[in-house]
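Q: Take a look at the following structure, please.
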Amino acid sequence: MAKLLRKVKKQNHWFKADAVSLLEKGDVPADPLSDLNTSQNKLSVFQVDEGHVNIDRVARALALGPDHIDNVGYVIFDSSLLTQASIEFNHTYGGTVDPVVNECHIDLINLSGNKLVKLAHLILSEGESDTILKKRIKELVEEGINSKELPEKVREKLLKA
Amino acid sequence: MLVEHMRIMFERGASEFFEDGMDSDFAQDLIHSVIEHGSAAIDALAEYLFSSKVNSDVGSEALRRIADVGDQRSLASRWALLQRSLTHRSSRVRDGAILGFAALDDCRAIELLKVTKTEEPIPELRQLIQKVIEQLDVKHGEAAAQG
C-alpha cells in the first residue's frame, strides 16, 4: 500500500499524546487543520515509494519552496485512509523543483470540512509525523545539486541557509 | 523597559502563524533584541516562557530562533535557557528547545540530550532528540578525525 506525505508547518501540531483526549471523543485539535489548508477544495500530497522516490527526496524538494531552507516537518499516512475518509484523488504534476518528485504528486479533491476533520483524525490515529533537521536538508540539497537531480539555481538558497 | 518591550513583542507574535522555513516579524524582532541587549533579552524571554501567560507557539518559535543568533556574548545565557526549557510543561516549548540545540550544533549538548531523552514523555520528541544526538555525534566524529 502506498504512503502519502504532506508537509506541515510544524510537526508539533501532530503529537499524538497532545491529541488523544479529543480523538477519543471523535474530535480533533484545531491546529493540525491549519496544515491541511486547501485551495479550490484540493489538498496537495506526495506519494512516497521506496522503489521510486523516498521521503528524503520529497522533503528536500518541499524544503526549497519556503523563504529559506529550514527543518521540514511532515505527516505520512497510508493511502487506504483516503478510502476510509471517502476522499477522491487525482494524480497531477507537482510544482517543486524536482521533476521526479513532481511525478509523485497527488491532489486530494472535492474536499469538505467534514472530510478534512476525518482525515486529520485518521492521520493522528494511524499516521506518523516526523521532522528532518535543517542540517540534513542542507546536505540533501547539496547532494541533489551535485547529482543534477536539482537545478543549479537552488544553490543560491543553500548559500543563504 | 526591556521586559515591557519583550511583552509587547510576544503579544504581537501570538497573532502570527509560524512555519518552518518562513520568515516572521516576531523572529526578526527577537533576533534584533538579542543582538542589541544580549543576555538581558534572554532573561526577559525566560521570564515570559515560564510565566502563566506564555503562548506555547510563540515560546517554541523564540527558542528555535535564539539559536540562530551568532552572538557569543549571549551564548551562555541562551544555552541555559534552552537547557531549562527542555523540561518545560509544554511539549511545543520543549520541541523549540530541542530544535534550538539542533541549530546550535554544539557537540557539548550530547550528554545533556541523552539524559533529556530518557525523561521525555512524548514519543515524537524522543525521536527528535535522537536525531539531534546523531547529528552532533557525526560532528563530534568529524572533529575528532581532524584532530
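Readers should treat all values here as calculations from the given coordinates under stated rules, not as data from a laboratory. Just so we're clear, the structure is a prediction, and the values are computed from it rather than from any experiment. For neighbour counting, all protein chains shown are included, and Cβ atoms are generated from backbone atoms with ideal geometry for every residue, glycine included.
Q: Take the alpha-carbon centre of region A:1-77, take the same for region B:68-147, and report the distance between them in whole Å.
A: If we compute the Cα centre of each part, the gap is 24 Å.
Q: Let me ask something else about it. What is the extension gain from A:K42 to A:K148, computed as 0.36 nm multiplied by their sequence separation minus the C-alpha to C-alpha distance, in nm to one decimal? Show your work: numbers first, answer last.
A: Numbers: separation 106, 0.36 × 106 = 38.16 nm, distance 3.12 nm.
Answer, rounded to one decimal: 35.0 nm.
Q: Follow-up. So which trypsin sites (Lys or Arg not before Pro) in region A:1-102 pass both tests, a DSSP loop state and at most 10 other Cβ atoms within 10 Å of the Cβ?
A: In loop regions of region A:1-102 (DSSP not H, G, I, E or B), the sparsely surrounded trypsin sites (Lys or Arg not before Pro) are A:K25.
Q: Another one. Using a Gaussian network model of chain B with C-alpha springs under 10 Å, which one of B:K117, B:K131, B:K53 is most mobile by mean-square fluctuation?
A: B:K53
Q: Turning to a different aspect of this structure: Using R₀ = 25 Å, calculate the FRET efficiency as 1/(1 + (r/R₀)^6) where r is the Cβ-Cβ separation of A:D27 and B:D23; round to 0.05. If you can, show how the numbers build up before the last one.
A: Details: r = 33 Å, r/R0 = 1.33.
FRET efficiency, A:D27 to B:D23: 0.15.
Q: Can you give the mean number of other chain Cβ atoms that lie within 10 Å of the Cβ atoms in peptide A:14-21? Before the final figure, lay out each step's value.
A: Numbers: counts 1, 7, 3, 6, 5, 0, 0, 0.
Across A:14-21, the average partner-chain Cβ count within 10 Å equals 3.
Q: Further question: From the Cα gyration tensor of chain A, with a ≥ b ≥ c the square roots of its eigenvalues, which class applies: rounded if a/c is under 1.5, or else prolate if a/b is larger than b/c, or else oblate?
A: Since a/c reaches 1.5 and a/b is larger than b/c, the shape of chain A is classed as prolate.
Q: Find, among the GluC sites (Glu not before Pro) in region B:19-107, those assigned to loop by DSSP (not H, G, I, E, B) with at most 15 other beta-carbon atoms within 10 angstrom. Write down the numbers at each step before the final one.
A: On the way: sites: B:E19, B:E36, B:E47, B:E61; in loops: B:E19.
Of the GluC sites (Glu not before Pro), not one in the loops of region B:19-107 has a Cβ with at most 15 other Cβ atoms within 10 Å.
Q: Please compute the average number of Cβ atoms from other chains found within 10 Å of each residue's Cβ in peptide B:123-135.
A: Averaged over the peptide's residues, the number is 4.
Q: Among B:I8, A:I69, which comes first, second and so on when ranked by fewest other beta-carbon atoms within 10 Å?
A: B:I8, A:I69
Q: So which chymotrypsin sites (Phe, Trp or Tyr not before Pro) in region A:71-156 pass both tests, a DSSP loop state and at most 11 other Cβ atoms within 10 Å of the Cβ?
A: Those that pass, being in a loop and sparsely packed, are A:Y93.
Q: Then there is this: If the convex hull of the alpha-carbon atoms of region B:2-145 is projected onto planes in all directions, what is the mean projected area in square nanometres?
A: With the hull built on Cα positions only, its mean projection is 8.4 nm².
Q: With a/c under 1.5 counting as rounded, go ahead and sort region B:39-107 into rounded, prolate or oblate using the C-alpha gyration tensor (a ≥ b ≥ c being the square roots of the eigenvalues; past the cut-off, prolate if a/b is larger than b/c, else oblate).
A: Since a/c reaches 1.5 but b/c is at least a/b, the shape of region B:39-107 is classed as oblate.
Q: Among A:K118/A:K148; A:K10/A:K138; A:K157/B:K139; A:K3/A:K25; A:K160/B:K114; A:K16/A:K148, which pairs are too far apart, with a Cα-Cα distance over 29 Å?
A: Where the Cα-Cα span goes over 29 Å, the pairs concerned are A:K118/A:K148; A:K160/B:K114; A:K16/A:K148.
Q: Please average, across the residues of B:12-21, the number of beta carbons from any other chain that are within 10 Å of each residue's own beta carbon, and give a whole number.
A: Details: counts 0, 0, 0, 0, 0, 4, 2, 10, 16, 17.
Whole-number average of other-chain Cβ neighbours for B:12-21 is 5.
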